[in-house]
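Right, one structure below, let's go through it.
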Amino acid sequence: MKFIGRKEQLRKLNRAIANTDKEEAMQTVLIYGRRRVGKSELVKQLLKSTTCQSIYYECKQVAEESNAQGICNILSEELHLPKLGYQSIEEVLEYIFQRSCEENMIFVLDEYPYLRENIKGMDSILQAMIDKYRDSAKLTFIILGSFVEIMRNLMEPSNPLYGRIDLTINLKPMDYYESTEFYPTFSEEDRIKIYSVFGGIPYYNRLVDDSISVEENLLELLVAPEARLENEVSMYLNAEISKITNANEVFEALSRGYTKYKDILDQSHVSSGPTLVDVLDKLSKMEVVEKRTPINDEGNKRKASYHISDPLSAFYYRYIFRYASQRKIMDPSIFYEKYIREDFESFYVSHYFEEICKQYLIRKNRAGEISPVIEKIGKYYYDIPSEKRNGEFDVVTQDENGYVFYEVKFRKETIPTAIVREEIEQVKATGMNCYKYVFVSKSPVGNRRNSGSHKTNEFMELKSNSSLSRLCPRIFHHIYWLLYFRS
């Protein structure tokens, strides 16, 4: 199967191998990220592209002797050696590190936390080995792990491995731009719908069949009894959280739109505030929940909000978990029609369309294609005491000139010019230092001319310095419209 994306990570890994070869000094690489994000596939792709002798071992939840023998078996097979009889991990590592003094090697320990769990002082064993052979071994030593909190701990000052990692890769889910390569024949609208459920996790996206509809994919992979990903979210959470009940309570509150700490506490049945803090902290470290603060008041904890950052978890808790009883006794298609379709189309997907727009702006900004350069992107909090109201704008950027406001609409209907003007007046009423307004829509903004054309730029004057123009970057696949309005 074709390997998609991860070009920058592969570049860094290949550079680490080149440095080992050139400087004849060991390179230690740490790769971590949540389950299914593609860590193992990334390294396997690296090994396919190099002629360097490589040893890849996936650690197991077994006793030390069993893992030691497992590495020995791979060594015998890959290096064409008689059966090795090492009984401890330290002995096996000593053999590998010593051998790499004579030839360039890549040694991969996948799912390292399993090894660490069963061997007392495992981090110290690695530290001693790295210190001993740092200047003599021609080895690229790669450590992988899915337990994000444990892997981050390896870089803490209190850990024996602190200061001994030469390259760290926190492998994140792919963005929309890369994810859509998994389902290239879908329409642009369907790509957004699929991304809003499976996000940027390669394992999920490989299961998507773009020869059938979005609804059929959701039915087969999530909604139908014994669907392929039916238990994916619960298995992932159970693997890292001891008290899953509290996590379920938090996720359910978040999936219903309660994002403030107080609201989550009130709406869930978590026993206390400190318990909720612990649960939110754990889910944040697992990178399935994200804490956000407005870009104009980042230090204000009272204005912080929490959001499910993993699309599959968001979909699961909004529809599958919430209506679990009904799902068990209903036909999947009827269940989808009754509990999913309307909300999914009108509300759920719109949220991820906003996220896609932010990803687009970040990509363009990193590429140096936005001027002045964006310095912050996120929510903007406003407060109008005279009207006794406050709220947030979901997508706002800040640069040296001030703020740029974005209104994002995933809707079939054309956005009337009157609505555009009304939105602008509402923003001005908040006192935001906004020098440009941008309206992004699936459909054109204002009165559309040349409606039969899909390739002609269109313009509509609101003032002498404003225009309606077609947005044509590849990431949006030529279907979205922008209105820029400068104050």
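The values are calculated or read from the model by the stated rules, or taken from the named source; none is laboratory data. Since this is a predicted model, take the numbers as computed values, not measurements. Every residue, glycine among them, receives a Cβ derived from its backbone with ideal geometry; neighbour counts consider all protein chains shown. Just so you know, the surface numbers come from the protein's heavy atoms only, side chains and all, with ligands and any DNA or RNA stripped out. Shrake-Rupley method; radii C 1.70, N 1.55, O 1.52, S 1.80 Å.
So, ARG152, is that one in a helix (DSSP H, G or I) and surrounded by 20 or more Cβ atoms within 10 Å (Cβ to Cβ) or not?
no
When segment 50-92 is limited to residues that are open to solvent by 20 Å² or more (accessible area, probe 1.4 Å) and aromatic (Phe, Trp, Tyr), the one that is nearest to PHE141 (Cα to Cα) turns out to be TYR56.
In the set (1) modelled with pLDDT of 95 or more; (2) not in a loop (DSSP other than H, G, I, E, B), the condition left unmet by VAL373 is number (2). The single condition among (1) at pLDDT 95 or above; (2) crowded, with 18+ Cβ neighbours inside 10 Å that THR180 does not meet is (1).
Looking at segment 104-123, which of its residues are out of contact with any strand residue (DSSP E or B) (no Cβ under 6 Å at 6 or more places or on another chain) and either crowded, with 19+ Cβ neighbours inside 10 Å or in contact (Cβ under 8 Å) with a residue 12 or more places away in the chain (or both)?
Once the filter is applied, which keeps residues that are out of contact with any strand residue (DSSP E or B) (no Cβ under 6 Å at 6 or more places or on another chain) and either crowded, with 19+ Cβ neighbours inside 10 Å or in contact (Cβ under 8 Å) with a residue 12 or more places away in the chain (or both), segment 104-123 yields ASN104, TYR114, LEU115, ARG116, GLU117, ASN118, ILE119, MET122, ASP123.
Applying the selection to segment 1-43, what residues are of a type in the set (Lys, Arg) and either in a helix (DSSP H, G or I) or touching a Leu at 6+ places or on another chain (Cβ under 7 Å) (or both)?
Correct list: ARG6, LYS7, ARG11, LYS12, ARG15, LYS22, LYS39.
Residues of segment 1-54 that are at pLDDT below 95, of a type in the set (Val, Ile, Thr) and within 18 Å of the chain's Cα centre (by Cα): ILE4 alone. Being touching a strand residue (DSSP E or B) at 6+ places or on another chain (Cβ under 9 Å) and within 26 Å of LYS379 (Cα to Cα): is that true of ARG292 here? Yes: the conditions hold for ARG292.
Determine if segment 130-137 includes at least one residue that is touching a Pro at 6+ places or on another chain (Cβ under 9 Å) and either free of Cβ contacts under 8 Å to residues at least 40 places away in the same chain or part of a helix (DSSP H, G or I) (or both). If you could, list the steps in order and put the result at the bottom.
Residues of segment 130-137 touching a Pro at 6+ places or on another chain (Cβ under 9 Å): none.
Looking for residues that are touching a Pro at 6+ places or on another chain (Cβ under 9 Å) and either free of Cβ contacts under 8 Å to residues at least 40 places away in the same chain or part of a helix (DSSP H, G or I) (or both), one finds none in segment 130-137, hence no.
Taken over segment 212-267, the criterion of being touching an Asp or Glu at 6+ places or on another chain (Cβ under 9 Å) and of a type in the set (D, E, K, R) is satisfied by GLU216, GLU220, ARG228, GLU240. Meeting the requirement of 1 or more residues that are closer than 18 Å to PRO173 by Cβ, aliphatic (A, V, I, L, M) and open to solvent by less than 30 Å² (accessible area, probe 1.4 Å), the helices (runs of 4 or more DSSP H) wholly within segment 259-363 are 273-285, 311-315. Of all residue pairs spaced 6 or more apart or on separate chains, those with beta-carbon atoms under 8 Å, a first member in segment 315-328 that is over 14 Å from ALA227 (Cα atoms) and at pLDDT 95 or above and a second member that is of a type in the set (A, V, I, L, M, F, W, C) and assigned to a loop (DSSP other than H, G, I, E, B) are TYR319/ILE340. Of all the criteria given as (1) touching a strand residue (DSSP E or B) at 6+ places or on another chain (Cβ under 8 Å); (2) over 26 Å from THR180 (Cβ atoms); (3) modelled with pLDDT of 85 or more, the one not satisfied by SER467 is (3).
Kindly check whether there is at least one residue in segment 244-251 that is touching a Leu at 6+ places or on another chain (Cβ under 7 Å), free of Cβ contacts under 8 Å to residues at least 24 places away in the same chain and farther than 25 Å from TYR348 by Cβ. No, that holds for no residue. Only residues that are in a strand (DSSP E or B) and surrounded by fewer than 17 Cβ atoms within 10 Å (Cβ to Cβ) were counted in segment 396-417, giving 1.
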